[in-house]
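A short worksheet on the structure shown next.
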Amino acid sequence: MKQELQIVKGFLMNDALIKKVAFVTGGGSGIGEASAKALAQAGAVVAIADTNLLEAERVVDEILAEGGIAKSYKLDVSVDAAVESVIAAVVKDFGGLHIAVNNAGIGGDLAPTGDQTPEGWRKVMGVNLDGVFYCMRHEIAAMKKVGGGSIINMASILGAVGFAGSSAYVAAKHGVIGLTQTAAIEYGTEGIRVNAIGPGFIATPMLAALPADAMAGIAALHPMNRLGKSEEVAALVLFLASPESSFITGGYYPVDGGYLAR
Ligand code: NAP
């Protein structure tokens, strides 16, 4: 791994993130990948955790090639003991933890609530809600040791409204927002800020599961009549990670092309 940091792509709001340690789950693809790259371009050391180690390694290689610092970790966020050991490894490797982007998530089965199975429900809740909680409990412990930090939970517009066929996903994302608000209240005086982002439909591999002919209809649900880009979500991640957002905690911020305005 390169030890010298060169910022080759600009993107610095200021130098406050240089050498800060950022942990990004699901960083091997989509929004997590864009977030990891934005943080690295701003000078953070980025720990990329993903079930898909090959893709996490690809993102690490791309960050190293740009002169940044990153390392990959294989992790299933739905297993608390695994989260604990990976966060311990990150702290050991880089000396602490300042920023966490709890982004790993899955879509789950598309079926009306009455047709959802307990197994399908549990799988989505295990990754999208339990996983965020497991990450937060170990991140909070690590951040307390460095005097604070910023936790950014990737919720969804579907953390604020319903969506037919996705009851487990919707319930998990609503839960992520409640978890975010509660932890923000609990740790506000300890320097740990906790916020949630609500992306609209973003063009990532997650949407590959949806039928191609549904895409135009989904785009039309957004007043801007298009899907979002991962980089448009990552820009908010970067802001919430930085001291520019120092009085912002407990918030839920859509990045949704106006989806929730309807
Ligand atoms: P994505 O492209 O599918 O990337 C998700 C990454 O997380 C993948 O690398 C995936 O690995 C990994 N992952 C899945 N389960 C995991 C687990 N248990 N532990 C660790 N890593 C795991 O998804 P995305 O669209 O970027 O979504 C990222 C987040 O944004 C999710 O929380 C999602 O709910 C949220 N979001 C997405 C959209 C959207 O329209 N795309 C909208 C709103 C919110 P595999 O490749 O092995 O599955």
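Read the figures in this text as sums done on the coordinates, not as results from a lab. This one's a predicted model, so the numbers in the text were calculated from it and none came from an experiment. Glycine gets a Cβ as well: all are built from the backbone with ideal geometry, and neighbour counts include every protein chain shown.
Can you list the DSSP H helices in the chain whose Cα atoms extend at least 24 Å along the helix axis and whose mean Kyte-Doolittle hydropathy is -1.0 or higher?
Length and hydropathy pass: 167-187.
Please build a GNM for the chain, connecting alpha carbons under 10 Å apart, and tell me which residue among Asn128, Asn153, Asn14 fluctuates the most.
Asn14
Treat each spin label as a single point 7 Å out from the Cα along the C-beta direction, and report the Ile18 to Val79 distance in nm.
It works out to 3.9 nm between the two label points.
Given H placed on each backbone N at 1.01 Å, which residues far from Gly149 in sequence or on other chains put an amide H within less than 5 Å of it?
Long-range HN contacts for Gly149: Ile192, Arg193.
Give me the percent relative contact order of the chain, please, defined on Cα pairs under 8 angstrom at least 6 residues apart.
Details: 551 pairs, mean separation 48.1, N = 262.
The normalised contact order for the chain reaches 18 percent.
Using +1 on the beta carbon of Lys and Arg, -1 on that of Asp and Glu, and nothing else charged, what's the dipole of the range 15-253 about the Cα centre, debye to 20?
For the range 15-253, the charge dipole is close to 400 debye.
Among Ala89, Ile218, Gly120, whose Cα sits farthest toward the positive end of the charge dipole of the chain (+1 at Cβ of Lys/Arg, -1 at Cβ of Asp/Glu, about the Cα centre)?
Of the options given, the answer is Ala89.
Long-range amide H contacts for Ile69: which residues qualify at under 5 Å (H placed 1.01 Å from N, peptide plane, sequence gap of 5 or more or a different chain)?
Val46
Which Cα, out of Gly175, Gly162, Ser150, lies furthest along the positive dipole direction of the range 15-253 (beta carbon charges, K/R +1, D/E -1)?
Final value for the positive-end residue is Ser150.
Report the residues of the range 145-181 in range of a label on Ala216: point 7 Å along Cα→C-beta, backbone N strictly under 18 Å from it.
None, by backbone N distance to the label point.
Relative to the present Cα-Cα distance, how much length would full extension add between Glu244 and Lys123 at 0.36 nm per residue of separation?
39.9 nm
Output the Kirkwood hydrodynamic radius of the range 3-136, Cα pairs only, in Å rounded to one decimal. Walk me through the numbers on the way to the answer.
Numbers: mean 1/r = 0.0654 Å⁻¹.
Computed over the range 3-136, the radius equals 15.3 Å.
With contacts defined as alpha carbon pairs under 8 Å and 6 or more residues apart, what's the relative contact order of the range 1-142 in percent?
In percent, rounded to a whole number, it is 25.
What whole-number value in cubic angstrom gives the convex hull volume per residue for the C-alpha atoms of the chain? Show your work: numbers first, answer last.
Values: hull volume 31.8 nm³, N = 262.
Spread over its residues, the Cα hull of the chain gives 122 Å³ apiece.
Got a sec? Charge dipole of the chain, +1 on Cβ for Lys and Arg, -1 for Asp and Glu; which of Ile185, Thr204, Gly28 is way out at the positive end?
Farthest along the dipole direction, towards plus: Ile185.
List Ser35, Ser230, Ser72 from most exposed to least, where exposure is judged by having the fewest other Cβ atoms within 10 Å.
With the fewest neighbours first, Ser35, Ser230, Ser72 line up as Ser230, Ser72, Ser35.
Which ordering of Lys173, Lys71 is given by a fewest-first count of other beta-carbon atoms within 10 Å? Write out the running numbers ahead of the final one.
Values: Lys173 27, Lys71 19.
Listed from fewest to most nearby Cβ atoms, that is Lys71, Lys173.
Here are some pairs, Lys92/Lys123; Lys19/Lys144; Lys74/Lys173; Lys74/Lys145; Lys145/Lys229; Lys71/Lys145; which of them have Cα atoms lying more than 28 Å apart in this structure?
Table pairs above 28 Å Cα-Cα are Lys92/Lys123; Lys145/Lys229.
How far apart, in nm, are two points set 7 Å out from the Cα along the Cα-to-Cβ line at Leu260 and at Ala164?
Once both label points are built, they end up 2.3 nm from each other.
If neighbour count is taken as other Cβ atoms inside 10 Å, put Lys123, Lys37 in order from fewest to most.
Sorted ascending by nearby Cβ count, the order is Lys123, Lys37.
Using amide H atoms built 1.01 Å from N in the peptide plane, name the residues 5+ places from Ala196, or on other chains, whose amide H lies under 5 Å from its own.
The list, which skips near neighbours in sequence, is Asn153, Gly251, Tyr252, Tyr253.
Points 7 angstrom from Cα along the Cβ direction at Lys145 and Ala203: gap in nanometres?
4.2 nm
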